Amino acid sequence: QVQVVESGGGLVQPGGSLRISCAVFGINFPIYVMGWYRQAPGKQRELVATITWSDGSTYYADFGKGRFTISRDNAKREVYLQMDSLKPEDTAVYYCKASLIIIDYGNKRVDEYWGQGTSVTVSS
C-alpha cells in the first residue's frame, strides 16, 4: 500500500511564509511526478506546482510564480512547498499528489495517490 502524508499547515499572517511537506510511504515504487494542489472553500481544486522526480524540473501556476518554491528530497521521498509573501487568497487546503510508476508483471503504468490535505490559513 502507498500512503501520502502532508504536514506543516497552519495560520500565518499576510506577507508571511510557510513551508508544507509531503512524504510518500509504503511500497517503494519509483516516483514519476509529485505535485501540490489546493482547494479553497467553495472553489474547485487547482494545481499549484509540480516537480518531476528524475530531473527536478518544476512547473508553477501563475499565482505561485515568484512566491512559491517546490523542492524534493529523493532519499526521503519527500516534497516541499515553500510559500512566501502569502496572501489571504492563498487560504486553502493544500493536497499532495504522488504519481508513481507501477511495474506489474512487466507492464508499466502510472498510478496517482492523494494525501488527506493540510490546511493553510492566511489571516491577520
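The values are calculated or read from the model by the stated rules, or taken from the named source; none is laboratory data. Predicted model only: the values in this text are computed from it and were never measured. Neighbour counts run over all protein chains shown; Cβ positions are idealised from the backbone, glycine included. These area figures cover heavy atoms from the full protein model, side chains too; ligands, DNA and RNA do not enter into them. Shrake-Rupley method; radii C 1.70, N 1.55, O 1.52, S 1.80 Å.
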Selection within region 93-124 - modelled with pLDDT of 95 or more and at positive phi: Gly117
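How many residues, within region 72-83, are surrounded by 10 or more Cβ atoms within 10 Å (Cβ to Cβ) and in a loop (DSSP other than H, G, I, E, B)? Reasoning before the result, please.
Looking only at region 72-83, we keep the residues that are surrounded by 10 or more Cβ atoms within 10 Å (Cβ to Cβ), and these are 72-74, 76-83.
Going one step further and asking which of them are in a loop (DSSP other than H, G, I, E, B), we end up with 74, 76-77.
So the count comes out to 3.
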Among the residues listed as Lys87, Lys97, Lys76, the single one being basic (Lys, Arg), touching a Ser or Thr at 6+ places or on another chain (Cβ under 9 Å) and touching a residue at least 24 places away in the same chain (Cβ under 8 Å): Lys97
Matching option when the condition is open to solvent by 40 Å² or more (accessible area, probe 1.4 Å), at pLDDT 95 or above, of a type in the set (Ser, Thr, Tyr) and not in a loop (DSSP other than H, G, I, E, B), among Thr50, Thr69: Thr69
Neighbours by Cβ (under 6 Å, 6+ apart or cross-chain): first from region 108-124, within 16 Å of Cys96 (Cα to Cα) and without any contact (Cβ under 8 Å) to a residue 24 or more places away in the chain; second in a strand (DSSP E or B) and of a type in the set (D, E, K, R): Glu112/Lys97
